[in-house]
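What follows is a short report on a single structure.
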Amino acid sequence: MPKLDIRLKTVARMIRDDTHADVGSDHGHLLFALLKSGRIQRGIAIENKQQPFANSSHRLAGVNADVRLGDGLSVLHVGEADSLSICGMGAKSMVRILEGFPDRVPTRVIMQPNCEPELVRGWGLRSGYHIETEQIAWGHLPYQVVCLRRADSPDDAAYEDVDHDAALLFGPTLVKRRDPDLFRQLSQERAYYRELGQLTARSAERLKIVETLLRIGPKSEI
Ligand SMILES: C[S@@+](CC[C@H](N)C(=O)[O-])C[C@H]1O[C@@H](n2cnc3c(N)ncnc32)[C@H](O)[C@@H]1O
């Protein structure tokens, strides 16, 4: 696969479909790498701003990709893509994009929010998309990457046998498998909050969850 940073490489490894759409494609690197490596056959890049649209058009010239100028899923047709990624944005914008045209969201979605991944998981629970895989991509920050799949059953089994608030904030599968990268993130958060001293009610609540998880500890390496 052509070179991607660790964040986009983690996303790319979750994608193997015929047609993949990337909303907020910007530089176009993700679709370019997916096409060149044969992980997808056709790409659809979507951008709502002129310069990133021009960047994507330049990068994706000569490969099997459409580059479209428009707001989120307004320029994607129902059933046109098998999977969709949205990366490098705040989760509020991502959820707004997904909820703008619910019938255009493909079967699989891969999301890499820069913050508040719990909003993406909340969208999945409300919309019948179950967690397929979750991973932490450790770039200059720990980025959560969440892959969800449309399901027939209402309840997502990933949330069984795990504290719901902890699961929403930090990922049910990451918590259950005691992912070492998650525990590294939790240790950093605890140190940060302890240094701050004075906490808002919300941060204090989050710290309580962080400390509870840290008491369990990561899975030990063999
Ligand atoms: C910070 S960049 C991330 C680029 C790339 N996805 C990545 O992760 O490296 C976010 C991109 O999303 C685009 N964007 C934001 N909101 C959008 C929307 N509603 N529809 C399409 N593109 C959008 C922005 O123009 C920008 O190019």
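Summary table below
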read-out	value
Pairwise FRET efficiency - residue 194 versus residue 77, Cβ, R0 = 45 Å, nearest 0.05	0.35
Candidates 172, 117, 142, ranked by Gaussian network fluctuation over the chain, Cα under 10 Å, top entry	142
Long-range lysine pairs (8 or more apart or interchain), the chain, Cα under 29 Å	15
Gained length - residue 27 relative to residue 211, 0.36 nm times residue gap less alpha-carbon distance	62.3 nm
Net lengthening on full extension, residue 92/residue 184 (0.36 nm per residue, minus Cα-Cα)	30.6 nm
Inter-probe distance in nm under a simple model that places probes 7 Å from Cα toward Cβ, at residue 69 and residue 18	3.0 nm
Tail weight of P(r) past 21 Å, computed on alpha-carbon pairs of segment 1-130, percent	33 percent
Length released on extending from residue 152 to residue 126, taking residue separation times 0.36 nm less the Cα-Cα span	8.1 nm
MRE, 222 nm, helices only [DSSP H, n ≥ 4, -39500 (n - 2.57), over the chain, to nearest 500]	-12000 deg cm²/dmol
C-alpha long axis of helix 201-216 to longest principal axis of the chain, angle in °	80 degrees
Rg to Rh quotient for the chain, alpha carbon positions, Kirkwood Rh	0.99
Label-point gap, in nm, between residue 204 and residue 165 - each point 7 angstrom along Cα→Cβ	1.2 nm
Between 0 and 90°, nearest 10: helix 91-100 axis offset from the chain longest Cα axis	50 degrees
Choice from 202, 39, 177 showing the highest fluctuation, given a GNM over the chain with Cα pairs closer than 10 Å	202
Rounded to 10°, Cα long-axis angle of helix 180-196 versus longest principal axis of the chain	60 degrees
Residue of 133, 107, 212 that the Gaussian network model of the chain assigns the largest fluctuation, springs spanning Cα pairs under 10 Å	212
Probe 1.4 Å - accessible area at residue 125, Å² to nearest ten	70 Å²
Heavy-atom accessible surface of segment 6-154: percent carbon and sulfur, 1.4 Å	48 percent
Residues residue 3 and residue 49, FRET efficiency given R0 of 25 Å [Cβ-Cβ distance, rounded to 0.05]	0.50
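The values are calculated or read from the model by the stated rules, or taken from the named source; none is laboratory data. Since we're looking at a predicted model, the values are computed, not measured. Methodologically, a virtual Cβ is constructed for each residue, glycine included, from the backbone with ideal geometry; neighbour enumeration extends over all protein chains shown. Each accessible area value is taken on the protein alone, full model and side chains, heavy atoms only, with ligands, DNA and RNA left out. Shrake-Rupley method; radii C 1.70, N 1.55, O 1.52, S 1.80 Å.
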